[in-house]
Protein chains: 2
Amino acid sequence: MNKTADEKVLQQPHNHQHCMTQALQSAEKICTDKGVRLTAIRKRILELICSSHKAIGAYELLDLFRKEDMKAKPVTIYRALDFLMEAGLVHKIESLNAFIGCLQAETQHQSVILICDNCKNAFELDASSVYKTIFAMSKEKQFTPTTLTIELHGLCDSCS
Amino acid sequence: MNKTADEKVLQQPHNHQHCMTQALQSAEKICTDKGVRLTAIRKRILELICSSHKAIGAYELLDLFRKEDMKAKPVTIYRALDFLMEAGLVHKIESLNAFIGCLQAETQHQSVILICDNCKNAFELDASSVYKTIFAMSKEKQFTPTTLTIELHGLCDSCS
DNA sequence: AATGTAATGTTATATTATTACATTTAGTAT
DNA sequence: ATACTAAATGTAATAATATAACATTACATT
Ligand SMILES: [Zn+2]
Ligand SMILES: [Zn+2]
Ligand SMILES: [Zn+2]
Ligand SMILES: [Zn+2]
(Lines give C-alpha, C1' and ligand atoms only; values in the text may rest on other atoms or scores of the structure.)
(Ligands and ions follow the chains in the order given, each with its own letter.)
Protein backbone atom coordinates (compact mmCIF):
# COMPACT_ATOMS: atom_id res chain seq x y z
CA MET A 1 0.00 0.00 0.00
CA ASN A 2 1.44 3.40 -0.91
CA LYS A 3 1.32 6.59 1.06
CA THR A 4 -1.63 8.10 -0.77
CA ALA A 5 -3.69 5.06 0.07
CA ASP A 6 -3.18 5.56 3.78
CA GLU A 7 -6.33 5.72 5.78
CA LYS A 8 -7.16 8.33 8.32
CA VAL A 9 -7.70 6.55 11.59
CA LEU A 10 -7.38 7.45 15.22
CA GLN A 11 -7.71 10.99 13.94
CA GLN A 12 -4.29 10.49 12.42
CA PRO A 13 -3.23 9.62 8.91
CA HIS A 14 -1.12 6.52 9.19
CA ASN A 15 0.69 3.93 7.16
CA HIS A 16 -1.76 1.14 7.53
CA GLN A 17 0.62 -1.48 6.19
CA HIS A 18 2.48 -0.93 9.42
CA CYS A 19 -0.60 -1.84 11.49
CA MET A 20 -0.95 -5.07 9.56
CA THR A 21 2.68 -6.06 9.86
CA GLN A 22 2.67 -5.20 13.52
CA ALA A 23 -0.52 -7.13 14.21
CA LEU A 24 0.76 -10.22 12.46
CA GLN A 25 4.10 -10.09 14.21
CA SER A 26 2.38 -9.71 17.57
CA ALA A 27 0.15 -12.62 16.71
CA GLU A 28 3.11 -14.87 15.95
CA LYS A 29 4.80 -13.89 19.17
CA ILE A 30 1.73 -14.28 21.34
CA CYS A 31 0.89 -17.67 19.91
CA THR A 32 4.43 -18.92 20.30
CA ASP A 33 4.52 -17.73 23.89
CA LYS A 34 1.18 -19.32 24.67
CA GLY A 35 2.12 -22.51 22.88
CA VAL A 36 -0.85 -22.38 20.52
CA ARG A 37 -0.90 -22.59 16.75
CA LEU A 38 -1.54 -19.69 14.44
CA THR A 39 -2.62 -21.85 11.53
CA ALA A 40 -3.03 -20.63 7.96
CA ILE A 41 -6.78 -20.15 8.36
CA ARG A 42 -6.46 -18.26 11.62
CA LYS A 43 -3.69 -16.09 10.27
CA ARG A 44 -5.59 -15.27 7.11
CA ILE A 45 -8.72 -14.36 9.03
CA LEU A 46 -6.68 -12.13 11.30
CA GLU A 47 -5.23 -10.47 8.21
CA LEU A 48 -8.68 -9.89 6.80
CA ILE A 49 -9.88 -8.36 10.07
CA CYS A 50 -6.79 -6.17 10.33
CA SER A 51 -6.97 -5.05 6.71
CA SER A 52 -8.88 -2.03 7.99
CA HIS A 53 -9.92 -0.54 11.29
CA LYS A 54 -13.56 -1.03 10.47
CA ALA A 55 -15.61 -3.43 12.52
CA ILE A 56 -16.41 -6.44 10.39
CA GLY A 57 -19.12 -9.05 10.80
CA ALA A 58 -18.51 -12.79 10.75
CA TYR A 59 -20.42 -13.26 7.53
CA GLU A 60 -18.68 -10.39 5.78
CA LEU A 61 -15.48 -12.10 6.79
CA LEU A 62 -16.81 -15.36 5.44
CA ASP A 63 -17.53 -13.73 2.07
CA LEU A 64 -13.98 -12.43 1.88
CA PHE A 65 -12.44 -15.67 3.02
CA ARG A 66 -14.45 -17.67 0.51
CA LYS A 67 -12.75 -15.87 -2.36
CA GLU A 68 -9.71 -17.90 -1.43
CA ASP A 69 -11.32 -20.98 0.09
CA MET A 70 -14.67 -21.77 -1.46
CA LYS A 71 -15.44 -24.54 0.98
CA ALA A 72 -15.34 -22.29 4.03
CA LYS A 73 -18.44 -22.40 6.20
CA PRO A 74 -19.67 -20.11 8.99
CA VAL A 75 -18.13 -22.36 11.59
CA THR A 76 -14.73 -21.93 9.93
CA ILE A 77 -14.94 -18.24 10.72
CA TYR A 78 -16.41 -18.59 14.19
CA ARG A 79 -13.74 -21.07 15.18
CA ALA A 80 -11.01 -18.75 14.03
CA LEU A 81 -12.67 -15.82 15.75
CA ASP A 82 -12.94 -17.76 19.00
CA PHE A 83 -9.27 -18.60 18.80
CA LEU A 84 -8.24 -15.04 17.98
CA MET A 85 -10.40 -13.58 20.74
CA GLU A 86 -9.07 -16.08 23.25
CA ALA A 87 -5.56 -14.99 22.28
CA GLY A 88 -6.54 -11.33 22.68
CA LEU A 89 -5.82 -10.59 19.04
CA VAL A 90 -9.36 -9.70 18.15
CA HIS A 91 -12.18 -8.12 20.12
CA LYS A 92 -15.89 -8.48 19.62
CA ILE A 93 -17.99 -5.36 19.59
CA GLU A 94 -21.13 -6.60 21.30
CA SER A 95 -23.33 -3.74 20.23
CA LEU A 96 -22.56 -4.45 16.56
CA ASN A 97 -22.00 -8.19 16.49
CA ALA A 98 -18.78 -7.40 14.74
CA PHE A 99 -15.07 -7.71 15.27
CA ILE A 100 -11.91 -5.62 15.23
CA GLY A 101 -8.23 -6.40 15.42
CA CYS A 102 -6.43 -5.34 18.57
CA LEU A 103 -3.51 -2.98 18.08
CA GLN A 104 -2.00 -3.62 21.47
CA ALA A 105 -2.46 -7.31 21.96
CA GLU A 106 0.95 -7.78 23.54
CA THR A 107 0.27 -5.19 26.20
CA GLN A 108 -2.16 -5.69 29.03
CA HIS A 109 -4.84 -3.07 28.50
CA GLN A 110 -8.34 -2.12 29.61
CA SER A 111 -10.11 -0.15 26.98
CA VAL A 112 -13.16 1.66 25.84
CA ILE A 113 -14.01 1.02 22.20
CA LEU A 114 -15.00 4.12 20.23
CA ILE A 115 -17.18 3.22 17.28
CA CYS A 116 -18.00 5.63 14.48
CA ASP A 117 -21.57 4.93 13.40
CA ASN A 118 -20.86 6.50 10.02
CA CYS A 119 -17.64 4.89 8.81
CA LYS A 120 -17.61 1.94 11.25
CA ASN A 121 -13.99 2.56 12.16
CA ALA A 122 -13.47 1.48 15.73
CA PHE A 123 -10.53 1.92 18.00
CA GLU A 124 -9.59 1.33 21.55
CA LEU A 125 -8.84 3.96 24.10
CA ASP A 126 -7.05 2.89 27.23
CA ALA A 127 -9.21 3.54 30.27
CA SER A 128 -7.76 1.66 33.21
CA SER A 129 -8.91 4.29 35.67
CA VAL A 130 -12.48 3.84 34.52
CA TYR A 131 -12.18 0.09 34.91
CA LYS A 132 -10.82 0.57 38.39
CA THR A 133 -13.72 2.82 39.34
CA ILE A 134 -16.35 0.47 37.99
CA PHE A 135 -14.81 -2.60 39.59
CA ALA A 136 -14.69 -0.77 42.90
CA MET A 137 -18.31 0.35 42.58
CA SER A 138 -19.41 -3.19 41.84
CA LYS A 139 -17.51 -4.58 44.81
CA GLU A 140 -19.32 -2.18 47.08
CA LYS A 141 -22.45 -3.98 45.97
CA GLN A 142 -20.86 -7.33 46.86
CA PHE A 143 -20.49 -8.08 43.17
CA THR A 144 -17.53 -10.14 41.95
CA PRO A 145 -16.58 -8.67 38.57
CA THR A 146 -15.10 -10.62 35.70
CA THR A 147 -15.54 -9.03 32.28
CA LEU A 148 -16.26 -5.39 31.54
CA THR A 149 -17.51 -4.23 28.16
CA ILE A 150 -17.44 -0.52 27.35
CA GLU A 151 -18.54 0.64 23.91
CA LEU A 152 -19.03 4.24 22.90
CA HIS A 153 -20.91 5.02 19.71
CA GLY A 154 -20.69 8.35 17.97
CA LEU A 155 -18.91 10.02 15.09
CA CYS A 156 -15.20 10.13 14.51
CA ASP A 157 -13.41 13.33 13.63
CA SER A 158 -13.59 12.71 9.88
CA CYS A 159 -17.31 11.94 9.97
CA SER A 160 -18.58 14.65 12.28
CA MET B 1 -46.67 -12.35 45.90
CA ASN B 2 -46.14 -12.94 49.59
CA LYS B 3 -43.09 -12.10 51.68
CA THR B 4 -41.56 -15.56 51.58
CA ALA B 5 -41.58 -15.46 47.81
CA ASP B 6 -39.54 -12.27 47.74
CA GLU B 7 -36.42 -12.46 45.68
CA LYS B 8 -33.03 -11.36 46.78
CA VAL B 9 -31.90 -8.70 44.38
CA LEU B 10 -29.53 -5.79 44.53
CA GLN B 11 -28.04 -7.68 47.44
CA GLN B 12 -31.23 -6.86 49.29
CA PRO B 13 -34.31 -8.90 49.91
CA HIS B 14 -37.20 -6.90 48.60
CA ASN B 15 -40.89 -7.01 47.99
CA HIS B 16 -40.82 -7.57 44.30
CA GLN B 17 -44.48 -6.77 43.84
CA HIS B 18 -43.48 -3.25 44.62
CA CYS B 19 -41.00 -3.18 41.73
CA MET B 20 -43.72 -4.31 39.36
CA THR B 21 -46.28 -1.83 40.57
CA GLN B 22 -43.74 0.94 40.47
CA ALA B 23 -42.54 0.03 36.97
CA LEU B 24 -46.06 -0.04 35.59
CA GLN B 25 -46.99 3.24 37.22
CA SER B 26 -43.87 4.87 35.82
CA ALA B 27 -44.68 3.46 32.43
CA GLU B 28 -48.17 4.95 32.47
CA LYS B 29 -46.84 8.31 33.52
CA ILE B 30 -44.00 8.37 31.00
CA CYS B 31 -46.23 7.37 28.13
CA THR B 32 -48.85 9.94 29.05
CA ASP B 33 -46.20 12.63 29.30
CA LYS B 34 -44.68 11.66 25.96
CA GLY B 35 -48.11 11.37 24.34
CA VAL B 36 -47.57 7.79 23.26
CA ARG B 37 -49.76 4.77 23.85
CA LEU B 38 -49.00 2.01 26.32
CA THR B 39 -51.23 -0.53 24.59
CA ALA B 40 -52.28 -3.84 26.10
CA ILE B 41 -49.54 -5.74 24.28
CA ARG B 42 -46.82 -3.31 25.28
CA LYS B 43 -47.98 -3.24 28.85
CA ARG B 44 -48.15 -6.99 29.12
CA ILE B 45 -44.67 -7.40 27.67
CA LEU B 46 -43.35 -4.86 30.12
CA GLU B 47 -45.01 -6.80 32.92
CA LEU B 48 -43.39 -10.01 31.74
CA ILE B 49 -39.98 -8.36 31.60
CA CYS B 50 -40.44 -6.82 35.02
CA SER B 51 -41.72 -10.01 36.57
CA SER B 52 -38.14 -10.64 37.63
CA HIS B 53 -34.80 -8.87 37.56
CA LYS B 54 -33.36 -11.52 35.29
CA ALA B 55 -32.36 -10.58 31.77
CA ILE B 56 -34.80 -12.19 29.37
CA GLY B 57 -34.44 -12.90 25.66
CA ALA B 58 -36.96 -11.88 23.03
CA TYR B 59 -37.91 -15.46 22.25
CA GLU B 60 -38.28 -16.42 25.90
CA LEU B 61 -40.60 -13.47 26.14
CA LEU B 62 -42.43 -14.68 23.06
CA ASP B 63 -42.94 -18.09 24.66
CA LEU B 64 -44.43 -16.47 27.75
CA PHE B 65 -46.57 -14.07 25.79
CA ARG B 66 -47.91 -16.86 23.58
CA LYS B 67 -49.49 -18.52 26.58
CA GLU B 68 -51.97 -15.66 26.49
CA ASP B 69 -51.92 -14.76 22.81
CA MET B 70 -51.26 -17.76 20.63
CA LYS B 71 -51.02 -15.73 17.48
CA ALA B 72 -48.06 -13.65 18.66
CA LYS B 73 -45.06 -13.64 16.36
CA PRO B 74 -41.43 -12.56 16.92
CA VAL B 75 -42.19 -9.17 15.44
CA THR B 76 -44.90 -8.65 18.04
CA ILE B 77 -42.23 -8.85 20.71
CA TYR B 78 -39.60 -6.84 18.88
CA ARG B 79 -42.05 -4.04 18.19
CA ALA B 80 -43.02 -3.86 21.82
CA LEU B 81 -39.37 -4.00 22.86
CA ASP B 82 -38.51 -1.18 20.47
CA PHE B 83 -41.30 0.90 21.92
CA LEU B 84 -40.34 0.16 25.51
CA MET B 85 -36.67 0.86 24.88
CA GLU B 86 -37.48 4.08 23.09
CA ALA B 87 -39.51 5.11 26.14
CA GLY B 88 -36.60 4.19 28.41
CA LEU B 89 -38.66 1.55 30.20
CA VAL B 90 -36.52 -1.35 29.09
CA HIS B 91 -32.81 -1.68 28.35
CA LYS B 92 -31.11 -4.12 26.07
CA ILE B 93 -28.06 -5.93 27.38
CA GLU B 94 -25.95 -6.11 24.26
CA SER B 95 -23.59 -8.76 25.54
CA LEU B 96 -26.51 -11.11 26.19
CA ASN B 97 -29.04 -10.16 23.53
CA ALA B 98 -31.48 -9.86 26.36
CA PHE B 99 -33.60 -7.28 28.08
CA ILE B 100 -34.30 -5.91 31.53
CA GLY B 101 -36.83 -3.51 32.93
CA CYS B 102 -35.55 -0.17 34.13
CA LEU B 103 -36.21 0.67 37.77
CA GLN B 104 -35.57 4.36 37.38
CA ALA B 105 -37.15 5.18 34.06
CA GLU B 106 -38.56 8.47 35.27
CA THR B 107 -35.18 9.72 36.40
CA GLN B 108 -32.42 10.69 34.01
CA HIS B 109 -29.61 8.26 34.71
CA GLN B 110 -26.35 6.98 33.26
CA SER B 111 -25.64 3.50 34.39
CA VAL B 112 -23.43 0.49 34.37
CA ILE B 113 -25.32 -2.79 34.17
CA LEU B 114 -24.08 -5.50 36.50
CA ILE B 115 -24.94 -8.94 35.19
CA CYS B 116 -24.65 -12.10 37.24
CA ASP B 117 -23.53 -14.87 34.90
CA ASN B 118 -24.93 -17.46 37.27
CA CYS B 119 -28.46 -16.29 38.07
CA LYS B 120 -28.82 -13.77 35.21
CA ASN B 121 -30.09 -11.10 37.54
CA ALA B 122 -29.03 -7.73 36.19
CA PHE B 123 -29.27 -4.34 37.73
CA GLU B 124 -28.17 -0.83 37.03
CA LEU B 125 -25.66 1.14 39.01
CA ASP B 126 -25.60 4.85 38.51
CA ALA B 127 -22.23 5.94 37.16
CA SER B 128 -22.52 9.46 35.84
CA SER B 129 -18.95 10.28 36.77
CA VAL B 130 -17.73 7.40 34.65
CA TYR B 131 -19.82 8.60 31.74
CA LYS B 132 -18.39 12.07 32.14
CA THR B 133 -14.84 10.74 32.11
CA ILE B 134 -15.37 8.59 29.03
CA PHE B 135 -17.14 11.33 27.11
CA ALA B 136 -14.30 13.70 27.92
CA MET B 137 -11.69 11.17 26.85
CA SER B 138 -13.45 10.62 23.57
CA LYS B 139 -13.72 14.33 22.88
CA GLU B 140 -9.99 14.66 23.30
CA LYS B 141 -9.77 12.31 20.35
CA GLN B 142 -12.13 14.54 18.37
CA PHE B 143 -14.85 11.96 18.79
CA THR B 144 -18.49 13.08 19.05
CA PRO B 145 -20.12 10.66 21.48
CA THR B 146 -23.73 9.58 21.36
CA THR B 147 -24.48 6.30 23.12
CA LEU B 148 -22.41 4.61 25.78
CA THR B 149 -22.88 0.98 26.73
CA ILE B 150 -21.28 -0.34 29.90
CA GLU B 151 -21.89 -3.93 30.94
CA LEU B 152 -20.10 -5.70 33.75
CA HIS B 153 -20.33 -9.47 34.01
CA GLY B 154 -19.53 -11.36 37.14
CA LEU B 155 -21.23 -12.96 40.10
CA CYS B 156 -23.72 -11.34 42.41
CA ASP B 157 -23.45 -11.63 46.17
CA SER B 158 -25.81 -14.60 46.35
CA CYS B 159 -23.98 -16.50 43.64
CA SER B 160 -20.37 -15.90 44.60
C1' DA C 1 -69.39 9.08 9.37
C1' DA C 2 -64.99 10.23 6.77
C1' DT C 3 -60.22 10.70 7.16
C1' DG C 4 -55.52 9.99 8.47
C1' DT C 5 -52.18 7.84 11.52
C1' DA C 6 -50.62 4.44 14.65
C1' DA C 7 -50.77 -0.24 15.91
C1' DT C 8 -51.23 -4.91 14.91
C1' DG C 9 -51.64 -9.18 11.90
C1' DT C 10 -49.37 -12.20 8.82
C1' DT C 11 -45.92 -14.19 6.03
C1' DA C 12 -41.57 -14.50 4.81
C1' DT C 13 -36.80 -13.92 5.17
C1' DA C 14 -32.33 -12.02 6.83
C1' DT C 15 -28.62 -12.27 10.07
C1' DT C 16 -25.87 -14.25 13.62
C1' DA C 17 -24.17 -18.35 15.89
C1' DT C 18 -23.83 -23.26 17.44
C1' DT C 19 -24.11 -28.48 17.54
C1' DA C 20 -22.78 -32.90 16.06
C1' DC C 21 -20.05 -35.95 13.97
C1' DA C 22 -16.55 -37.35 10.38
C1' DT C 23 -11.90 -36.69 8.67
C1' DT C 24 -7.40 -34.83 8.39
C1' DT C 25 -3.30 -32.87 10.20
C1' DA C 26 0.41 -32.22 13.15
C1' DG C 27 2.93 -33.05 17.33
C1' DT C 28 4.53 -36.88 20.63
C1' DA C 29 5.97 -41.21 22.14
C1' DT C 30 7.51 -45.68 21.02
C1' DA D 1 9.64 -44.77 10.80
C1' DT D 2 5.28 -46.15 13.16
C1' DA D 3 1.66 -45.74 16.06
C1' DC D 4 -0.75 -42.89 18.98
C1' DT D 5 -3.04 -38.76 20.44
C1' DA D 6 -4.92 -34.36 20.46
C1' DA D 7 -5.95 -30.43 17.84
C1' DA D 8 -7.72 -28.59 13.81
C1' DT D 9 -10.64 -28.75 9.99
C1' DG D 10 -14.55 -30.50 6.92
C1' DT D 11 -19.36 -30.97 6.37
C1' DA D 12 -24.21 -30.78 7.21
C1' DA D 13 -27.72 -29.35 9.68
C1' DT D 14 -30.00 -26.32 12.67
C1' DA D 15 -30.62 -22.93 16.47
C1' DA D 16 -31.15 -18.28 17.95
C1' DT D 17 -31.76 -13.50 17.03
C1' DA D 18 -33.84 -9.90 14.26
C1' DT D 19 -36.07 -7.40 10.33
C1' DA D 20 -38.79 -6.43 5.91
C1' DA D 21 -42.92 -5.98 3.41
C1' DC D 22 -47.50 -5.47 3.00
C1' DA D 23 -52.42 -6.13 4.59
C1' DT D 24 -55.76 -5.07 8.11
C1' DT D 25 -57.60 -3.07 12.22
C1' DA D 26 -58.17 0.35 15.86
C1' DC D 27 -58.08 4.93 17.29
C1' DA D 28 -58.10 9.88 17.32
C1' DT D 29 -59.60 14.13 14.89
C1' DT D 30 -62.57 16.48 12.21
ZN1 LIG E 1 -3.98 1.15 10.35
ZN1 LIG F 1 -16.22 7.93 10.95
ZN1 LIG G 1 -37.93 -6.56 42.42
ZN1 LIG H 1 -26.36 -14.33 40.86
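Picking from A:Leu62, A:Ala136, A:Thr149, whose Cα lies most toward the positive end of the charge dipole for chain A (charges on Cβ: Lys, Arg +1; Asp, Glu -1)?
A:Leu62
Using 16 Å as the cut-off for backbone N distance, which residues of segment A:19-48 belong to the label zone defined by a point 7 Å from the Cα of A:Arg79 along Cα→Cβ?
Residues passing the 16 Å test: A:37-46.
Shortest first and in nm with one decimal, please list how far the B:Ser128 label point sits from its counterparts in the other copies (point 7 Å along Cα→Cβ).
For B:Ser128, the inter-copy label distances come out at 2.9 nm.
Please list the non-local residues whose amide H lies under 5 Å from the amide H of A:Ser111, H modeled 1.01 Å from N, same-chain partners needing a gap of 5 or more.
Correct list: A:Ala127.
Report, in deg cm²/dmol and to the nearest 500, the calculated mean residue ellipticity at 222 nm for chain B, where each DSSP H run with n ≥ 4 adds -39500 (n - 2.57) and the sum is divided by the residue count.
-13000 deg cm²/dmol
Can you list, largest first and rounded to whole Å, the semi-axes you get for chain B by taking the square root of 5 times each eigenvalue of its Cα gyration tensor?
Calculated on Cα positions only, the semi-axes equal 26, 21, 16 Å.
Out of the total accessible area of chain B (probe 1.4 Å, heavy atoms of protein only), what percent is carbon and sulfur?
Carbon-and-sulfur percentage of accessible area, whole number: 51.
Give me the inter-chain shielding for B:127-138: mean count of other chain Cβ atoms within 10 Å, whole number please.
4
Roughly what would the spin-label model give for A:Ser129 and B:Ala136, points 7 Å off Cα along C-beta, in nm?
With each label point 7 Å from Cα toward Cβ, the separation is 0.7 nm.
What are the radius of gyration and Dmax of the protein assembly as shown, computed over its Cα atoms and given in Å?
Just the Cα atoms of the protein assembly as shown yield Rg and Dmax of 21.9, 71 Å.
Which pairs break 22 Å Cα to Cα here: A:Lys141/B:Lys54; A:Lys92/A:Lys120; A:Lys54/B:Lys92; A:Lys29/A:Lys67; A:Lys43/A:Lys67; B:Lys29/B:Lys71?
A:Lys54/B:Lys92; A:Lys29/A:Lys67; B:Lys29/B:Lys71, as the Cα separations exceed 22 Å there.
What does the charge dipole of segment A:5-154 about its Cα centre add up to, to the nearest 20 debye, if the Cβ of each Lys and Arg holds +1 and the Cβ of each Asp and Glu holds -1?
It works out to roughly 400 debye.
Take the Cβ-Cβ distance between B:His109 and A:Tyr59 as r, set R0 to 35 Å, and report the resulting FRET efficiency rounded to the nearest 0.05.
Calculated transfer efficiency: 0.45.
For peptide A:86-94, compute the average count of partner chain beta-carbon atoms within 10 Å of each residue's beta-carbon.
Across the residues of A:86-94, the mean count of other-chain Cβ atoms within 10 Å is 1.
Under the Karplus relation 6.51 cos²θ - 1.76 cosθ + 1.60, θ = phi - 60°, what is the ordered set of whole-Hz ³J(HN,Hα) values for segment B:100-107, x standing for Gly and Pro?
Values, residue by residue: 9, x, 8, 8, 9, 4, 7, 9 Hz.
Filter the GluC sites (Glu not before Pro) in segment B:23-110 down to the DSSP loop ones having no more than 12 other Cβ atoms within 10 Å, then list what survives.
Listed in order of number, the matching sites are B:Glu68.
The values are calculated or read from the model by the stated rules, or taken from the named source; none is laboratory data. Computed from a prediction, not measured in an experiment: that's the story for all the values here. For neighbour counting, all protein chains shown are included, and Cβ atoms are generated from backbone atoms with ideal geometry for every residue, glycine included. Side chains included, ligands, DNA and RNA excluded: accessible areas come from the protein's heavy atoms. Shrake-Rupley method; radii C 1.70, N 1.55, O 1.52, S 1.80 Å.
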